[in-house]
Every structure is written in C-alpha cells, then in structure tokens.
Amino acid sequence: MTKIDEKLQPILDDVLRRNAGETEFLQAVQEVLESLGRVIAKHPEYADHALIERICEPERQIIFRVPWVDDAGQVQINRGFRVQFNSALGPYKGGLRFHPSVNVGIIKFLGFEQIFKNALTGLPIGGGKGGSDFNPRGRSDGEIMRFCQSFMTELYRHLGEYTDVPAGDIGVGAREIGFLFGQYKRLTNRYEAGVLTGKGLVYGGSRARREATGYGAVYFVNRMLATRGEGFDGKRAVVSGSGNVAIYTIEKIREFGGKVIACSDSNGYIVDEAGIDLELVKEIKEIRRGRISEYVDLKSGSHYVEKGSIWDVPCDVAMPSATQNELTGKDAGTLIRNGVTAVGEGANMPSTPEAVRLFQEAGVMFAPGKAANAGGVATSALEMQQNASRDSWTFEQTEERLAAIMHDIHDRCAATAEEYGVPGDYVLGANVAGFVRVAEAMQAMGVI
Ligand code: NDP
C-alpha cells in the first residue's frame, strides 16, 4: 500500500474520526489521498485554504423517510439519501441506487468517487449520489411505482437541471427512472427533461445511454491493451454481474472479437465455454427479471456454481461489473496465477485495496472504475446536452462521442501517471487528473 504523505495524514485522520464506521467512504478517501502526495509535492498550493479537507466533506447530505403501501396494504418504511458532494464543475450528477445494503457510508463513497469521475469526462458536471435501502427484488410494478413516487415526493425539492441531476445505478433502470420522472413532472408542473438522465427514448432519453457504461469500459480497456500492442481479439474474458453494466460490457467485448465465458448475479455464476449467449442473458435478466441460474436450464454445455467466486474461472481479461469489494486479494491472487493480463472495473470500487496492490505489483494492467466506467455519466451529460437543445442524436453519433471521450480519459490518465513518475499507474492517473480539475475550479471560486 502506498504511504500517505505526511502533510495529508492529518487530513485522513480527521476524515476517519469524523466519519467513523463509514467503511467504504473511508476506503475511497484513503485511495485518493494516497495518490495526492505527488501532486502537493509539485503544487503545494493545492493544499492551501483547506482545499483537500473541503473536497472530503459533502456540500449537502439529505436523509429522508420514504413511506409507501405494499400490495398487501401494509405500510413500509425505507430511508432515502441524496449526497450532494461537490458542485465546482457543474450541477451535482450521479445515480440513485436501490439496494438493501444502502447506507450513508455507501452513498458517500459513491458520491466522492463521482466527483473525480465526472471531472475526468471533461464535461460540466459536479458529483453526487443517492438511493435507498429499498429492495426492488420480487416487488410488483405497482409497488415499485408507489415507492418511486414517495421517494420523489421528498427528493424533488432538491433537484433541478441546474442543481442536481440523478440517473440510475444498481436497482434503478429505465422503469424506475420513468416513475421518478413522472412524479417530478407532476409535483413541479414542469417538463424539465434535463432533471433526470437514463430516460426512455420517447420522452427525452439519449440513444446509447443504456449501453454506455459497459461499452465505455470496453473502449477504455481496449485502449489500455493497445498500449502493449494487444486487443480483445481471441481473448477469454470474465464479467461479473448480469445487470446493465455487465450485459453491455459482454456485448462490446464480443463485438471486439473477445469471448466472454462467465457472468453472475448475487446468488452464483454461470460458465459457458462456448461463449455466453447474450440474447439469453438479456431475456432472463432484462425481460423476465429472473436469476442467472436459469441460463443452464436453457443452454446445454454450460454450468452454474452457487456461491463460489467467479474469479476462479481462468481468463485473460477480468471486468468486475457488479458491486464494491467483490474482488478480494485472494481472488486477485487466483486471477494472477491463472494468467490474467488486464482488469477493467465496470463497477464502482469492485476491487479491494489489497487486490489492486497485487495486480499492480504483478504488472497486470489495471483500469480503476472511476476512469473505466465513466462512459455512463458522460453519456448522461450528452443526454442533458440533447435535452437543452431539444435535439436527439443518432445511436452512431452518440456512440462516436462516447468512444472519443473514453479514449480521451484513458490518454489523460496515462499521461498524468507518466507526468507524475509512475507510468502505467491508472489509479494515480485517474485520481490526480480528476482532482486537479476540481481543485482549480474550487480555488477560483474562493472559500465556499
Ligand atoms: P444492476 O442493478 O443493473 O445490476 C447489478 C448486478 O450486480 C446484478 O447482476 C446484481 O445481482 C449484482 N449485484 C448487485 N449487488 C451485489 C452484491 N452485493 N453481490 C453480488 N452481486 C451483486 O446495476 P448496474 O449494472 O447499473 O451497476 C453495477 C455496478 O456498476 C455498480 O457498482 C454501479 O455503481 C456501477 N456503475 C453503474 C453505472 C450505470 O450507468 N448503471 C455507471 C457507473 C458505474 P442481483 O440481481 O442478484 O442483485
């Protein structure tokens, strides 16, 4: 583990003390501060005026009750969150996560990561994140709608196209965004398309938004592989998860000539040596909202492993695309022994700090989530652009912009790592390139 610079240690100590118990948030802050020692050695002015302390403190945190009535007529209570972390570069921007594991520490970690990710895109968006401990699994469409309506009944007063623009994340896809947008419109009596992204195409959504995070992650990894004269062609890949990010990661890897042989959900993973049948996965997960285990009943030659680690499956490229800390030091050791050459994070912080260290020490190319999965939020910003100009771009036009943005993020991270004396360290490159943009904007605006 990199040592924290002595000037930054008191800042980290203070963050640890003031946010005790928020494990994921502290993990994310520690990783960024570990990268910043080299920056303040070169630019001590970035540590002036408590700039780093201010970046670690959200501008605003909203926690609220979400009461709703289930299909049996019982009143259910959930907790809603929105952390508006940093608006130096633009309105707060970041998804909503509906999952029973959600708490303020998880939302703060995601919001903190979002600041640097959004800065890396080069687009005018600040960082935020939100969600609820609501579990959508097994709920009817009516229950999902009533929950979303209740959630928005508090959240709407904190949103606006120039204030805060949420999108989807785990458990929040096109169906939920539709219900949330409908309720926002009803409460405000305004057709403010730019207040939410990930909308359906018929009411202001952007083409390629659904595909953007997965496609973008593959564009990033492909560019990273190219630095060693390689590509996806002929490579075996493993992609964890089978949600929005995983599905479109698999799709793009296939287009680039790679073969994805395993994917998962929270119950287990499937292996299909012939290559995952993506149409079947889409049918099971997107249409039937079923479990990935159903795949093996419909596809001969495949098998399902309940529990267990998907990272036991040997591969050349691993793309963790489910959730935080899903790839441990032990998993990293297994992947390395099995000859993995590149890891690209589709999810947010899916690799533990120990796993990241092991990959880097073993010379495995490693693309951190805040750079590799920025294609989703970048395309959300393109959706805002289309909404603002009352325009709608073609799929090709949007994907072309996405690819250019991902290549640009890759190149910026690589150049920054080089500039700071650690070529190939995309973790440092992403943290530093994102930080510098935010720091310069904050300094220009005075102490706010
Ligand atoms: P989805 O809800 O569409 O899919 C999530 C997938 O991950 C499902 O297969 C789910 O399985 C699995 N999963 C969720 N939680 C766990 C867990 N605790 N343990 C094991 N598996 C789990 O979410 P997304 O695909 O949108 O998000 C996946 C990741 O990508 C998240 O880290 C998210 O923050 C990140 N991300 C998403 C973006 C987007 O545009 N959607 C943008 C940038 C990052 P199950 O169905 O069993 O719960």
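Scattering from segment 186-249 was approximated by placing one identical point on each alpha carbon and applying the Debye formula without solvent; log10 I(q)/I(0) at 0.12, 0.15, 0.17, 0.25 1/Å stands at -0.47, -0.63, -0.73, -1.07. Could you work out the percent of alpha carbon pairs in segment 1-125 separated by over 19 Å, rounded to a whole number? Roughly 55 percent, once rounded to a whole number. Estimated at 0.36 nm per residue, the fully extended path between R157 and D14 surpasses their Cα-Cα distance by 48.3 nm.
One chain, two ends: N267 and S392. Fully extended at 0.36 nm per residue, the span grows by 41.1 nm beyond their Cα-Cα distance. Over all pairs of different C-alpha atoms, segment 360-448 has a mean inverse distance whose reciprocal, the Kirkwood radius, equals 14.8 Å. Shape class for segment 300-442, computed from the alpha carbon gyration tensor (a ≥ b ≥ c): oblate, with a/c not under 1.5 and a/b at or below b/c. Applying 0.36 nm per residue to the separation of I287 and V202 and subtracting their alpha-carbon distance, the gain on full extension is 28.7 nm.
Need one word for segment 89-200: rounded, prolate or oblate. Basis is the Cα gyration tensor (sqrt eigenvalues a ≥ b ≥ c); a/c below 1.5 gives rounded, then a/b vs b/c decides. Verdict is oblate for segment 89-200. Evaluated at q = 0.13, 0.15, 0.17, 0.21 Å⁻¹, the base-10 log of the normalised Debye intensity for segment 151-294, with identical point scatterers placed on the Cα atoms, takes the values -0.68, -0.83, -0.95, -1.18. Here the chain yields Rg over Rh of 0.95, to two decimals, using C-alpha coordinates and the Kirkwood radius.
I'd like the trypsin sites (Lys or Arg not before Pro) in segment 131-166 restricted to DSSP loop residues with at most 16 other Cβ atoms within 10 Å, sorted by number. Write down the numbers at each step before the final one.
Numbers: sites: R137, R139, R146, R157; in loops: R137, R139.
In loop regions of segment 131-166 (DSSP not H, G, I, E or B), the sparsely surrounded trypsin sites (Lys or Arg not before Pro) are R137.
Taking 25 Å as the straight-line reach from the Cα of K185, the lysines in range (excluding those fewer than 8 positions away in the same chain) are K93, K129, K199. The average projected area of segment 215-334, computed from the convex hull of its Cα atoms over all directions, is 7.1 nm². Listed by chain and number, the lysines whose alpha-carbon sits under 22 Å from that of K7, ignoring those within fewer than 8 places in the same chain, are K42.
Quick note: the coordinates plus some simple rules give every number you see, no bench work behind them. Predicted model only: the values in this text are computed from it and were never measured. Glycine also receives a Cβ, built like all others from the backbone with ideal geometry; neighbour counts cover every protein chain displayed.
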